[in-house]
Amino acid sequence: PTPPAEASPPFALPRPRDAYGLIHADLNHANFFLTPVGLNLFDFDDSCYCWFAYDLIVPIFHLQAAAPAVMNAQAQYAFSLLRRGYESVRRFNPAWVKWLSLLLRWRDLQIYGFFYEQLEIPALPENLGQTFLGMRARIEAGRPIAEIGDAG
């Protein structure tokens, strides 16, 4: 018998070699040291195969929560710095910019799922509870944590 065909997702991002591969997946202030020559990354326990652009959006989730216009400006600035650093090693394809909103929304879903599965939501400290509720509101509205656009 012929094995059943795999179901195709309703959409799929391309996975060319210059856009998809092994990434850190948890780039945040607790997982790197700043040195005179750059960053020394560590804590690779979340590493996985994913789109390289994903590694550039993860740090945005560690910015201080702010009004949407402020958050957008901070996210655009952070992304432009991350992109510049990325481009010192490898070309960032401008076509990937259209993926950023989707990747930001996907990250929200991942973190929300983690919160929901691992933590007692009613027992969260108020600041984490507000973060959780804000994430849920973004997910329900279908909007990312910030609008990055063509930053960089």
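For the pair residue 29 and residue 124, a Förster radius of 25 Å applied to the C-beta separation gives a FRET efficiency near 0.75, rounded to the nearest 0.05.
Across 68, 125, 36, mean-square fluctuation computed from a Gaussian network of the chain (C-alpha pairs under 10 Å connected) peaks at 36. Gaussian network model of the chain, Cα springs within a sub-10 Å range: biggest mean-square fluctuation belongs to which of 73, 19, 95? Maximum fluctuation in the GNM of the chain, among the listed residues, is at 95. Stretching the chain fully between residue 112 and residue 95 yields a gain of 3.3 nm (0.36 nm per residue, less the alpha carbon separation). The distance separating the Cα centre of the range 17-41 from that of the range 78-149 comes to 17 Å. Computed with a 1.4 Å probe over protein heavy atoms only, the accessible surface of the range 69-152 comes to 62 Å² per residue. Ellipticity at 222 nm from helices only: DSSP H runs of n ≥ 4 in the chain, each -39500 (n - 2.57), divided by the residue count, give -13000 deg cm²/dmol.
Note on surface exposure: 139, 60 rank 139, 60 by accessible area, highest first, 1.4 Å probe.
Would you kindly calculate the mean projected area, averaged across all directions, of the convex hull enclosing the Cα atoms of the range 12-122, in square nanometres?
For the Cα atoms of the range 12-122, the hull's average projected area reads 8.4 nm².
A cut-off under 12 angstrom between Cβ atoms defines the neighbours of residue 131, and their net charge, with Lys, Arg +1 and Asp, Glu -1, is 0. Ignoring ligands, DNA and RNA, please state the percent of accessible area on the chain from carbon and sulfur, probe 1.4 Å. In the chain, the share of accessible area belonging to carbon and sulfur is 59 percent. Taken one residue at a time, the phi angles of the range 36-52 give Karplus couplings (6.51, -1.76, 1.60, θ = phi - 60°) of x, 9, x, 9, 10, 7, 8, 6, 9, 5, 9, 3, 6, 8, 6, 6, 4 Hz. Gly and Pro are set to x. Computed extension length for residue 133-residue 73: 19.4 nm, one decimal, from 0.36 nm per residue of separation with the Cα-Cα distance subtracted. Highest mobility in the GNM of the chain, judged by mean-square fluctuation with C-alpha springs under 10 Å and restricted to 22, 100, 82, is found for 22.
The values are calculated or read from the model by the stated rules, or taken from the named source; none is laboratory data. Predicted, not measured: the structure shown is a model, and the values here were computed from it. Quick reminder, even Gly has a Cβ in these numbers, built from the backbone with ideal geometry, and neighbours come from all protein chains shown. Calculation scope for accessible area: heavy atoms of the full protein, side chains included, ligands and nucleic acids excluded. Shrake-Rupley method; radii C 1.70, N 1.55, O 1.52, S 1.80 Å.
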